[in-house]
Amino acid sequence: MPAVYKLMSVNTAPERAKRLIGRVVEDVKDRWTIQYIANAERIDEVLPTLERERPDIMFVASMWTPEQQQEIVLIAQKAIPGIKTFKIPTGFQVEKGPDAVVELIKENLPSILNDPEPKSAL
């Protein structure tokens with residue numbers, strides 16, 4: 001039985017986040033069981049969401065600046081030591097589109113799940 005990973009996102013467009021992550025979850029279900037449990041729309045919602053939901057993984061969307069993304073990751077690391085994080089490069093969704101975001105996450109998922117260090121796609 002595969003491990004179940006609880007995932008949250010930090011995204012100002014929660015419906016889009018849910019839709020894109022849903023596609024990823026469906027595409028990788030033969031390898032991993034991922035439950036999308038929550039989204040924080042603002043930086044000040046990140047800590048309470050982390051504390052309430054206790055996710056294993058957190059994805060940070062591309063609408064945040066690199067500085068904001070780093071702040072969000074630091075909040076997560078302090079709240080949940082060992083949390084796995086992934087920062088989608090700033091502007092990636094606007095520049096490349098939602099299909100590219102899904103592919104980027106899927107390409108990076110093995111290293112995200114198997115490596116304790118925060119990840120960022122470049």
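Quickly run through segment 55-76 and pick out the residues that are touching a Phe, Trp or Tyr at 6+ places or on another chain (Cβ under 8 Å) and under 13 Å from residue 93 (Cβ atoms).
59, 60, 62
Given 23, 52, 19, which one is at pLDDT 95 or above, basic (Lys, Arg) and over 19 Å from residue 108 (Cα atoms)?
Checking each option against the conditions leaves just 52.
Quick one: in segment 22-54, which of the residues that are among the acidic types (Asp, Glu) and not in a helix (DSSP H, G or I) is farthest from residue 88 (Cα to Cα)? Give the steps one after another, and end with the answer.
Step one: of segment 22-54, the residues among the acidic types (Asp, Glu) are 26-27, 30, 41, 44-45, 51, 53.
When the remaining residues are screened for being not in a helix (DSSP H, G or I), the result is 30, 41.
Numbers: 30: 24, 41: 15 Å.
It comes out as 30.
Got a sec? Which of 8, 1 is at pLDDT 95 or above and either in contact with a Pro (Cβ under 6 Å, 6 or more places away or on another chain) or loosely packed, with under 14 Cβ neighbours inside 10 Å (or both)?
Exactly one of 8, 1 is at pLDDT 95 or above and either in contact with a Pro (Cβ under 6 Å, 6 or more places away or on another chain) or loosely packed, with under 14 Cβ neighbours inside 10 Å (or both), namely 8.
Go through segment 60-101 and report how many residues are in a loop (DSSP other than H, G, I, E, B) and over 14 Å from residue 11 (Cα atoms).
Taking segment 60-101 and keeping what is in a loop (DSSP other than H, G, I, E, B), we get 61-65, 80-83, 88-91, 97.
Next, only the ones that are over 14 Å from residue 11 (Cα atoms) stay: 80-83, 97.
Selection size over segment 60-101: 5.
The values are calculated or read from the model by the stated rules, or taken from the named source; none is laboratory data. All of these numbers come straight from a predicted model, not from anything done at the bench. No Cβ is skipped: glycine too gets one built from the backbone with ideal geometry, and neighbour counts run over all protein chains shown.
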